[in-house]
Amino acid sequence: MTTLVFSSYEANELKLKINDFKKEIPFKKKWCKKIVLNKIIFLKRNLKGDIIKTSHLIYEQFDLFNYSISLLKSKKKYLNCLGMYHLKALEYRKGKDYVTPFLNHKNRILNSSAYLTVISLEPENLGLLYNYQKPIFLAGEINIMNIIHQKKPPIPGNLKDWIHSTNPSIVRLGIKLMAFYNYTNENQSITTYLKSDDEKIRLAVITVIRQLFIFDTEKQLIELFDTESKNNQLEILKTLAVIGSKDTEEFIYNLLKKPIDSDIKLKAVKSLSKMNSNYIENFIGNHEISKMIQHVKIPSI
């Protein structure tokens, strides 16, 4: 298999070589098809250049596309997902039409897998995600953002609508995409979500404020701090270090004088040091904070 992939054969000659190779192995056996297909996928994932075109030719000539389609037509959901995985892993765009019927499937796993596959095969259709009505869990969100970072599709024409979706998952993704595309047209709408009841949405907003440098939210973040979860508090301090002014310096100074969680205290020291390395020297007499200052300056300590 590796020899075929790295060969310099023309298309017709490669087809003949593949047909000869199929006669040498028990290719009609499902286990054999799986081994060949997994090998093609492995090579496609680990090599670059013309390997995509070659891997597609080999995939077709081994009749493995039809094998993947047979999985999509199966009544077993895990086989449907496996068929989508083949198309996505091989970036085989011709298979997209066989996946689109699953976009409206009632099963959440199949539905989610179909959206991920279509977006992976045709990243320019990213705007399609706006119609997704089910929750997107962390793993799915990471997969979507990975696809976007890798393929860098054009900005969805409907992105401004995402943050007004009734699906909190789409709102979160919309906020993250606006940071990715440096889309500042909806800054005001984004910051209204600092009052959202959804902690994850607030976290996304706090992060995007830092990434888009939305300076006029400093006061809101300071006021929000005491009522937030620890995770969001850490993110607020990280964001204030970027957009904060003297008001933030004073806020952190007063915060450090309180009995607070050690992780929060360390993040506060880091943020204040980043903003004003001289200001933090006011705590030199405090043994715990002095140790944190030293750690910030020399992480190995």
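The values are calculated or read from the model by the stated rules, or taken from the named source; none is laboratory data. Small disclaimer: the values here were computed from a predicted structure and weren't measured. Ideal geometry is used to build each Cβ from the backbone, glycine not excepted, and the neighbour counts take in all protein chains shown. Heavy atoms of the whole protein, side chains included, go into the accessibility calculation; ligands, DNA and RNA do not. Shrake-Rupley method; radii C 1.70, N 1.55, O 1.52, S 1.80 Å.
Let me check I've understood the local charge: for SER120, count other residues with C-beta under 9 angstrom from its C-beta, Lys and Arg +1, Asp and Glu -1. What total comes out?
0
Working from label points 7 Å from Cα in the Cα-to-Cβ sense, the LEU47 to SER196 distance is 4.4 nm.
Given +1 on the Cβ of Lys and Arg, -1 on the Cβ of Asp and Glu, and no further charges, what dipole in debye does the chain carry about its Cα centre, rounded to the nearest 20? Spell out each step's value before the answer.
Numbers: 46 positive and 30 negative charges, 357 e Å.
It works out to roughly 1720 debye.
Over the chain, dividing the summed -39,500 (n - 2.57) contributions of all DSSP H runs of at least 4 residues by the number of residues returns a 222 nm mean residue ellipticity of -19500 deg cm²/dmol.
Accessible surface of region 73-207, 1.4 Å probe: 52 percent of it comes from carbon and sulfur atoms. Using a/c under 1.5 as the rounded threshold, could you call region 76-131 rounded, prolate or oblate? The axes a ≥ b ≥ c are square roots of the C-alpha gyration tensor eigenvalues, and prolate needs a/b larger than b/c, oblate otherwise. Oblate shape, in that a/c is at least 1.5 and b/c is the bigger or equal ratio.
Decide, for region 120-163, between rounded, prolate and oblate: order the square roots of the alpha carbon gyration tensor eigenvalues as a ≥ b ≥ c, take rounded if a/c falls under 1.5, and otherwise choose prolate if a/b is larger than b/c, else oblate. Intermediate values should be presented prior to the final figure.
Details: a/c = 1.79, a/b = 1.03, b/c = 1.74.
Taking the square roots of the gyration eigenvalues as a ≥ b ≥ c, region 120-163 is oblate.
For the chain, averaging the sequence separation of C-alpha pairs within contact (under 8 Å, six or more residues apart) and dividing by the residue count gives a relative contact order of 8 percent.
Pick the calculated Kirkwood radius over Cα pairs in Å for this structure from [x] 19.0; [y] 22.9; [z] 19.6? Computed from these coordinates, Kirkwood radius over Cα pairs in Å corresponds to label [y]. Look at the alpha carbon pairs under 8 Å that are at least 6 residues apart: their mean separation over the length of region 146-228 gives a relative contact order of 22 percent.
Which value, in Å², gives the accessible area per residue of the chain when a 1.4 Å probe is used on the protein heavy atoms?
Numbers: 16440 Å² over 301 residues.
Counting only protein heavy atoms, the per-residue value for the chain is 55 Å².
Suppose R0 equals 35 Å; then what is the FRET efficiency for ASP247 and ASN185 from their Cβ-Cβ distance, rounded to the nearest 0.05?
Details: r = 27 Å, r/R0 = 0.77.
Efficiency for this residue pair is about 0.85.
Would you mind checking the tilt of helix 246-256 against the longest principal axis of the Cα atoms of the chain, expressed as 0 to 90 degrees and rounded to 10? Once rounded, the angle reads 90 degrees.
Is region 16-61 rounded, prolate or oblate when judged by the Cα gyration tensor, a ≥ b ≥ c being the square roots of its eigenvalues, rounded requiring a/c under 1.5 and prolate requiring a/b larger than b/c?
On the way: a/c = 2.86, a/b = 1.56, b/c = 1.84.
Cα axes put region 16-61 in the oblate bin.
Would you mind checking LYS39/LYS88; LYS88/LYS238; LYS28/LYS77; LYS88/LYS134; LYS34/LYS77; LYS176/LYS267 for any pair whose Cα atoms are more than 25 angstrom apart? Violating the 25 Å limit, Cα to Cα: LYS88/LYS238. FRET efficiency for LYS76 and CYS32, Cβ-Cβ distance as r, R0 = 22 Å, nearest 0.05? According to the calculation, E is roughly 0.60. Segment LYS96..ASN66, full-extension length gain: 9.5 nm, with 0.36 nm per residue of separation and the alpha-carbon distance subtracted. Selection among PHE62, LEU194, SER120 by position relative to the dipole of region 53-198 gives PHE62 as farthest towards the positive end (Cβ unit charges, Cα centre). Sorting 158-171, 20-33 by their mean Cβ neighbour count within 10 Å, with the most densely packed peptide first, gives 158-171, 20-33.
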